[in-house]
Amino acid sequence: MRVLGILVLLVSIAEAISVCQRRKVVRSFNVRRNASSLTTPLQVGNGNFAFGADVTGLQTFQPYGTLSTWGWHNFSLPTTANQTSVDDFTGLQWWTHGRLVPYAQPNPAQSDISTWLIQNPQRINLGNIGFTFGRPNVTESDLQQKEQVLDMWTGKISSSFVYNGSAVGVETWAAPDSDTVAIAIESDLLKSGLGLFLDFPYPDRNKFNAPFVGVWNATDQHSTALDRTSSNSATIKHTLGQTTYVVTLLWEGEGAISGPAKGTHRYVFTAATNKLHFTASFAPTLQPEAATFGAIVQASRDWWRSYWSSGAFIDLSAVKSANATELQRRIILSQYLLAVNSASSNPPQESGLVNNGWYGKFHLEMNLWNSLPFARWGHFPLLWRSLPNMYNRFLHSSFERAHTQGYSGARWGKMTDPTGRSAPGEINSLLIWQQAHPMYFAEMVYRSYPNSTTLSQWDDILTATADFMASYAFFNASTGVYDLGPPMYPVSENTPPNATINPTFELAYWRFGLDVAIRWKTRQSLPVPEQWTTVRDNLAALPVVDGTYPVYEGIPDMWTDSKTTNDHPAMAGIFGLLPPPSSGPALDTKALRKTADKIKQHWALEESYGWDFSMLAMNSLRLGDAEQAVEYLLHPIFAFDDTGYPVGGSRVPTPYFPNAASLLLATAMMAGGWDGDEGKHFPRGWVVDVEGFMPAL
Ligand SMILES: *[C@@H]1O[C@H](CO)[C@@H](O)[C@H](O)[C@H]1NC(C)=O
Ligand SMILES: *[C@@H]1O[C@H](CO)[C@@H](O)[C@H](O)[C@H]1NC(C)=O
Ligand SMILES: *[C@@H]1O[C@H](CO)[C@@H](O)[C@H](O)[C@H]1NC(C)=O
Ligand SMILES: *[C@@H]1O[C@H](CO)[C@@H](O)[C@H](O)[C@H]1NC(C)=O
Ligand SMILES: *[C@@H]1O[C@H](CO)[C@@H](O)[C@H](O)[C@H]1NC(C)=O
Ligand SMILES: *[C@@H]1O[C@H](CO)[C@@H](O)[C@H](O)[C@H]1NC(C)=O
Ligand SMILES: *[C@@H]1O[C@H](CO)[C@@H](O)[C@H](O)[C@H]1NC(C)=O
Ligand SMILES: *[C@@H]1O[C@H](CO)[C@@H](O)[C@H](O)[C@H]1NC(C)=O
Ligand SMILES: *[C@@H]1O[C@H](CO)[C@@H](O)[C@H](O)[C@H]1NC(C)=O
Ligand SMILES: *[C@@H]1O[C@H](CO)[C@@H](O)[C@H](O)[C@H]1NC(C)=O
């Protein structure tokens, strides 16, 4: 162990990429804008809180979100008879291997409470802060010389513009350790009309595809109250039904706040200085003390410097190829955006803290993509913000979910809110691939921290998960093997659930999950529950059609019907996302190659969600084709905008962060290889510096 440690140290010294070089690479992708985007902001934030800015550095012309991990709201429950409480919801029963099993699916006889449970709670926009110009109807076109830079090395947005002949300079920062935005403004106009507004929206019921969160015209549905706490501070309390929170405002120098203007929740702050430092701290309850502007700036500089100088790094700057530069751009911007949007104490939502996808809820099957990069890139403390405690928090309700369905152990939900409730839905209730994620996470943590704390921290979670997985697999007496489904939805959510049996990816993942659970017990010298081994050793074999791995066993017309060559090509995940099996029969390399070729020829990639491209890239890497991997990672449908936000495409909202996260998993595999084939796997001729990567599983 010690010898290995010294070796690792030597290797990392030999390959070390200096802080200076890292800074050069990071800053070469600093984002510059000269107009507001109508679809994505520039953001500052800390993983649990983010502030989206337009070209003014604030939310002056575009009401981008100020979103948090903790800010949620419920609309009032339905008043329909027998649908007035969440306990009135019963879902539907479907025949499952000869018995009726209740699933949390929208019940037409309970449509009001079903819909309520889907739409509530929803994540709220905590408020907007923007410029007022001392006169109405000023638009972005009234500003000249607009310029804006996001400096990722320090976490600062610098914006400047000219209004009515006078220059305005703005800095926007976020505190790393509180939900605070810190703003510096320098302009003579501050003494003659330029001020700040603060405004508070009411929640909306948009599922997704709105760049903004909240409505501004339901002002009588909620209330705000201003408290001038000193000559340099004030609080505004916002009450929306059961939800309340407080914004603490601090400023340096003379200033005054007034409002709200009649019929609005809009407040105006004006300063009598040409240099203003202003902070707005958002919190569920009144905070005893809010950080000052100077302290936040220092903390942000320190946090981002430490983020970029620690952890793993890929330096492609020596490769003279536009493709390498674009890949590097995506890598750097994804690292910035994931730290801002996804490093949270709940799993992140797919659209992070930019806007709401699925009402702001998070999907537990997507959390593997969303959170695993923090492990793969050596930022474990960010992973530990939500793991494993999220699984512990949701364990009780997951035991209950399994129990009411007649299974042992814990069945993890899907589209989830902070209480662990999984929203009603046919797919939500029948998807199963999230079940084995705890094993993946645990194994990744153990790889870097092989100690007894890791083992005991994850043991209850893995036990409950493996118990469910073993009891969910159905012993088919006529074939003598354990089947998965029906009913179920595989990763590609487009197959008939009552006919879907033994999907390739899920079978491989069940084996992986049970293998890890068994190893976990063995590592602790604890007995392995017999049922885990029995199920693993008698799982249905991976289906094979025409020498390829299909979506599921018995699927009709696998490669000839465009309906089946659609959605996620998850069979590529058995050799991309997952390592080769450590029990049972080996994968058929010829079939893996033929499957990869068939996907390339036939799959409707133009309708794929972006993380598919990373999964295909990982599969290509293991098949020895790094050029193909890069081609997938630069596929035109796998798009990242000027600020690195992953474009959702035709089927999911923008931004869709699993794309950014999956790109970091695929590139981590290029940099660190995998067990049995460690080291770099970049296209021929690329001279790349990498540092700090563990091989993938
Ligand atoms: C604004 O930015 C765009 C895109 O970066 C660029 O093409 C354009 O020249 C810039 N305009 C000005 C006035 O700087
Ligand atoms: C919303 O209501 C549900 C069901 O009563 C409850 O569990 C949850 O805590 C509520 N959330 C908020 C933010 O009020
Ligand atoms: C509500 O439930 C009660 C008791 O089960 C039943 O008598 C009544 O018909 C139900 N009302 C409606 C509108 O479904
Ligand atoms: C699946 O079978 C159940 C009955 O067990 C039925 O209610 C449901 O509609 C079927 N679903 C589909 C998509 O056919
Ligand atoms: C501002 O715009 C609104 C809506 O377009 C209009 O009703 C109002 O008269 C304008 N105010 C001024 C002062 O121009
Ligand atoms: C521009 O500034 C001048 C004073 O310098 C003032 O008289 C005028 O009203 C301002 N115009 C606008 C559009 O703010
Ligand atoms: C608020 O505005 C939206 C459109 O922006 C409109 O659909 C809605 O009816 C308005 N609501 C009220 C209460 O005015
Ligand atoms: C053991 O692993 C945990 C993570 O699971 C880590 O926080 C801790 O520092 C490790 N302990 C030792 C003694 O290495
Ligand atoms: C047993 O397996 C066969 C082949 O997969 C399948 O057709 C059949 O429906 C299964 N039987 C049961 C009871 O699920
Ligand atoms: C860059 O990527 C594109 C698309 O993947 C590919 O067609 C092209 O050959 C690549 N160019 C170089 C120089 O590698």
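Read-outs: derived from the displayed coordinates by stated rules, not from any lab. The structure displayed is predicted, hence computed values, not measured ones. Glycine also receives a Cβ, built like all others from the backbone with ideal geometry; neighbour counts cover every protein chain displayed.
Taking the convex hull of the Cα atoms, report for the range 160-204 its projected area averaged over all directions, in nm².
Details: hull surface 19.6 nm².
Approximately 4.9 nm², given one-decimal rounding.
Just for the Cα atoms in the range 131-230, what are the lengths along the principal axes, largest first, rounded to whole Å?
So the extents along the principal axes, rounded to whole Å, are 40, 38, 36.
In the calculated pair distance distribution of the range 178-308, what percentage of Cα-Cα distances lie above 20 Å?
The proportion of pairs with Cα distances above 20 Å equals 53 percent.
From Cα pairs below 8 angstrom and at least 6 apart in sequence, can you work out the relative contact order of the chain, rounded to a whole percent?
Numbers: 1490 pairs, mean separation 89.0, N = 697.
Value for the chain: 13 percent.
Using the crude model of +1 on Lys and Arg Cβ and -1 on Asp and Glu Cβ, and no other charge, please compute the dipole size for the range 203-286 relative to its Cα centre, in debye to 20.
Around 180 debye, computed over the range 203-286.
Any idea what the relative contact order of the range 388-546 is, in percent, if you count C-alpha pairs under 8 Å spaced at least 6 apart?
Worked out over the range 388-546, it gives 22 percent.
With θ set to phi - 60° and the Karplus curve 6.51 cos²θ - 1.76 cosθ + 1.60, what are the ³J(HN,Hα) couplings of the range 187-198 in order, to the nearest whole Hz, using x for Gly and Pro?
Those phi angles translate into 5, 5, 5, 4, 8, 9, x, 6, x, 10, 10, 10 Hz.
For the range 607-683, what D do you get in µm² per second when you plug the Kirkwood radius from alpha-carbon pairs into Stokes-Einstein at 20 °C and 1.002 mPa s?
In µm²/s, the coefficient is 172.
Extension gain Glu186-Ser309, at 0.36 nm per residue separation less the Cα-Cα distance, in nm?
Once the chain is fully extended between Glu186 and Ser309, it gains 41.2 nm.
If you wrap the range 36-194's Cα atoms in a convex hull and average its projection over all directions, what's the area in nm²?
For the range 36-194, the mean projected area of the Cα convex hull comes to 14.7 nm².
Return P(r) of the chain (all Cα-Cα pairs; 10 Å bins starting at 0; whole %; ordered from short to long distances).
Computed distribution, short to long bins: 3, 15, 24, 25, 18, 11, 4, 1, 0.
Any idea what log10 I(q)/I(0) is at q = 0.11, 0.13, 0.16, 0.18 Å⁻¹ for the range 388-546, Debye with uniform C-alpha scatterers and no solvent?
-0.43, -0.60, -0.91, -1.14
In terms of Cα to Cα distance under 17 Å, which aspartates and glutamates are near enough to Lys361, apart from those fewer than 8 places away along the same chain?
Partners found: Asp204, Glu350, Asp417, Glu426.
Once Rh for the range 540-697 is found with the Kirkwood sum over Cα pairs, what is the Stokes-Einstein diffusion coefficient at 25 °C and 0.890 mPa s, in µm²/s?
Rounded, D is 150 µm²/s.
With the alpha-carbon atoms as the only input, what is the per residue convex hull volume for the range 583-630 in Å³?
Considering the Cα atoms of the range 583-630, their hull volume per residue is 96 Å³.
Do any trypsin sites (Lys or Arg not before Pro) in the range 643-697 lie in a loop, going by DSSP, with at most 12 other beta-carbon atoms within 10 Å of their beta carbon, and if so which?
Here the trypsin sites (Lys or Arg not before Pro) that fit, given the DSSP loop and packing criteria, are Arg651, Arg684.
Report, in degrees rounded to the nearest 10, the 0 to 90 angle that the Cα long axis of helix 452-472 makes with the longest principal axis of the chain.
Taking Cα atoms only, the helix is inclined about 60 degrees.
So which of Lys24/Lys146; Lys156/Lys680; Lys414/Lys680 end up more than 31 Å apart, counting from Cα to Cα? Intermediate values should be presented prior to the final figure.
Numbers: Lys24/Lys146 25 Å; Lys156/Lys680 33 Å; Lys414/Lys680 35 Å.
Going by Cα-Cα distance, Lys156/Lys680; Lys414/Lys680 fall outside the 31 Å limit.
Under a straight-distance cross-link criterion of Cα-Cα below 18 Å, which lysines are reachable from Lys262, leaving out those fewer than 8 residues away in the same chain?
Lys237
Between the range 85-119 and the range 575-617, how many Å separate their Cα centres?
When both Cα centres are located, 35 Å separates them.
Apply the Karplus parameterisation 6.51 cos²θ - 1.76 cosθ + 1.60, with θ equal to phi minus 60°, to every residue of the range 246-251 and state each ³J(HN,Hα) to the nearest whole Hz, in sequence, with x for glycine and proline.
Going residue by residue, I get 10, 10, 9, 10, 10, 9 Hz, with x marking Gly and Pro.
Along the charge dipole of the chain, Cβ charges K/R +1 and D/E -1, which of Ser525, Ser345, Phe269 sits furthest on the positive end?
Positive-most Cα among the choices belongs to Phe269.
Separation between the Gln531 and Trp95 pseudo-spin-labels, each 7 Å from Cα along Cα→Cβ, expressed in nm?
Distance between label points: 2.5 nm.
May I ask for the Kirkwood hydrodynamic radius of the range 93-132, worked out over all distinct Cα pairs and given in angstroms to one decimal? Mind dumping the intermediate values first?
Values: mean 1/r = 0.0736 Å⁻¹.
Radius from the Kirkwood sum: 13.6 Å.
Between the helical axis of 2-15 and the dominant principal axis of the chain, each derived from Cα atoms, what acute angle in degrees is found, rounded to the nearest 10?
Compared with the principal axis, the helix lies near 50 degrees.
How many angstrom lie between the C-alpha centres of the range 153-199 and the range 208-282?
Here the answer is 16 Å between Cα centres.
Could you name the lysines whose alpha carbon sits less than 19 Å from that of Lys600, not counting residues in the same chain fewer than 8 places away?
Candidates past the 8-residue exclusion: Lys563, Lys590.
What's the angle, to the nearest 10 degrees (0 to 90), between helix 322-341's Cα axis and the longest principal axis of the chain?
70
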